[in-house]
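Quick notes on the structure that follows.
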Amino acid sequence: LYPTFANAYDASDASPESVIVDGGDKYKVIDATEFYKYELDYDTYTYTQNFAGESALTSAISYVSSDETKIVYELTGHGEADITASTLLDGLSRQNLTTQTLSLLTSDRVPDDAGALLIVSPTKDLSEEELTKIRTYLSEGGKLILITDYGNYSEDSMPNFAALTEQYGMQAENGIIIETDENYALSGYPYYLLPEINGHEITEPLLNGNMYVLTPLAHPITATEDASEDLTVTSLFDTTSGAYCKSDAYSADTFDKSENDPEGVFSVAMISENSADSSAVLWLSTSGFVDEGTDSIVSGTNSDFMLNALAYLTGNENAISIHAKSISAETLLFDASSARLVSVTFMFLIPFGAVAVGFLIWFRRRKR
């Protein structure tokens, strides 16, 4: 009836049953394929169909009613790693955050429209000029998320990165954390930590949902003793007091604790906030945190944390992270003996029990 209708919304190629959310000045097309997600179950190697329409519609409404879309810049030029967690990547668009790469070798400064700067597992140090540009950005109220890895990052090999984190009251310790409490690590993998989540506005949704995050092969982060009075340094994820740090992890013959391995409570995620200029630096000590396989083990909670962190840092108070809901039918499986027990219970024990109780009641009333 209206052949030009779809063209007005750049939706001429949209699938049938797609949805258009029109906010007047802005609009967003939700393709029908975005309403359903398929997730692979690694135990059964079957796909589960999930309904993602709630998050898609909520995101679209938020987008058309907001005044701006914030940009998260990913720093390049230092051998940085890629984020592979699909839940996180999808969540960025749902929160109306766009990502762009940034090279400070070719840019005079961090762009003014940056909601946050993201640095994922660098293998090379910043130059003095790049360090100055990042410091200038932070002094103007900028926000930084730094993700590092044991083996790639150390204060000796990356003095400029170390100078930046020490400016915010944080420093790295060399080694991989081993957890001795089986309740705080994956079974059989004491270096795949399920750390204690501490209270903060970022972590509040995780605490309320009794969720886990998974941090594999993480190195310790500690707060410096001479931090500025303007800084508030908060550990977001902690190990138990029984954890220890294996400093020569990649060359060691065993992960068993030696006499030289320090033990105690270690932080694997820390945030430092400066009350003087409103800047903040969030530091995670493993890039495995944003890996697809790791994220799937904890059902996307790692991604939820990252999305909450970006929402907090960019000031996006209305950011919403809604998991897709499974619509697949669950099958209840019984072995042969359990099936016989259930059959006997429902076919004989319960009916005959009900008849027996009825007869007893009838008999007692009859005698009255």
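The values are calculated or read from the model by the stated rules, or taken from the named source; none is laboratory data. Keep in mind it's a predicted model, so treat the numbers as computed, not measured. Ideal geometry is used to build each Cβ from the backbone, glycine not excepted, and the neighbour counts take in all protein chains shown. Heavy atoms of the whole protein, side chains included, go into the accessibility calculation; ligands, DNA and RNA do not. Shrake-Rupley method; radii C 1.70, N 1.55, O 1.52, S 1.80 Å.
Return the only residue of Leu92, Leu1 being over 30 Å from Glu128 (Cα atoms) and free of Cβ contacts under 8 Å to residues at least 40 places away in the same chain.
Numbers: Leu92 fails: free of Cβ contacts under 8 Å to residues at least 40 places away in the same chain.
Answer to the selection: Leu1.
Any idea which residue in the stretch 237-261 is most open to solvent (accessible area, probe 1.4 Å), counting only those that are of a type outside the set (Asp, Glu) and free of Cβ contacts under 8 Å to residues at least 60 places away in the same chain?
Asn260
Test Val268 against the criterion of being crowded, with 24+ Cβ neighbours inside 10 Å and within 17 Å of Ala185 (Cα to Cα), and give yes or no.
In short, yes.
If you check Ser55, Ser103, Ser65, Ser107, which single one turns out to be at pLDDT below 80 and on the phi < 0 side of the Ramachandran plot?
Only one candidate qualifies: Ser55.
Take the stretch 263-289 and flag every residue that is touching a residue at least 24 places away in the same chain (Cβ under 8 Å) and not hydrophobic (A, V, I, L, M, F, W, C).
Listed by number, the residues that qualify are Ser267, Ser272, Glu273, Asn274, Ser275, Asp277, Ser278, Ser279, Ser285, Thr286, Ser287, Gly288.
Residue by residue, here is whether (1) out of contact with any helix residue (DSSP H, G or I) (no Cβ under 8 Å at 6 or more places or on another chain); (2) aromatic (Phe, Trp, Tyr) holds:
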| site | (1), (2) |
| --- | --- |
| Pro111 | yes, no |
| Gly115 | no, no |
| Val120 | no, no |
| Leu126 | no, no |
| Lys133 | yes, no |
| Ser139 | yes, no |
| Lys143 | no, no |
| Tyr150 | yes, yes |
| Thr165 | yes, no |
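Return the residues of the stretch 230-245 that are in a loop (DSSP other than H, G, I, E, B) and closer than 16 Å to Ile177 by Cα; say none if nothing qualifies.
Thr239, Thr240, Ser241, Gly242, Ala243, listed by residue number.
Hey, among the residues in the stretch 271-301 that are small (Gly, Ala, Ser) and within 17 Å of Glu80 (Cα to Cα), which one's surrounded by the fewest Cβ atoms within 10 Å (Cβ to Cβ)?
If we take residues in the stretch 271-301 being small (Gly, Ala, Ser) and within 17 Å of Glu80 (Cα to Cα), then Gly288 is surrounded by the fewest Cβ atoms within 10 Å (Cβ to Cβ).
Return the pairs, sorted by first residue and then second, in which the second residue is surrounded by 15 or more Cβ atoms within 10 Å (Cβ to Cβ) and among the small types (Gly, Ala, Ser), the first residue lies in the stretch 109-135 and is within 12 Å of Ile145 (Cα to Cα), the beta carbons are less than 6 Å apart, and the residues are 6+ apart or on different chains.
Listed pairs, sorted by first residue: Val120/Ala81; Val120/Ser287; Ser121/Ala81; Ser121/Ser287.
Under 9 Å between Cβ atoms, at least 6 apart or on separate chains: pull out the pairs that start in the stretch 11-34 with a residue that is over 17 Å from Gly53 (Cα atoms) and end on any residue that is of a type in the set (S, T, N, Q) and modelled with pLDDT of 85 or more.
Ala11/Ser18
Given the stretch 1-117, what strands (runs of 3 or more DSSP E) lie entirely inside it while holding 2 or more residues that are of a type in the set (A, V, I, L, M, F, W, C) and open to solvent by 40 Å² or more (accessible area, probe 1.4 Å)?
Strands (runs of 3 or more DSSP E) meeting the threshold: 19-22.
It is to be established whether one or more residues within the stretch 71-79 are under 24 Å from the mean Cα position of the chain (by Cα) and among the charged types (D, E, K, R).
Yes, that holds for at least one residue.
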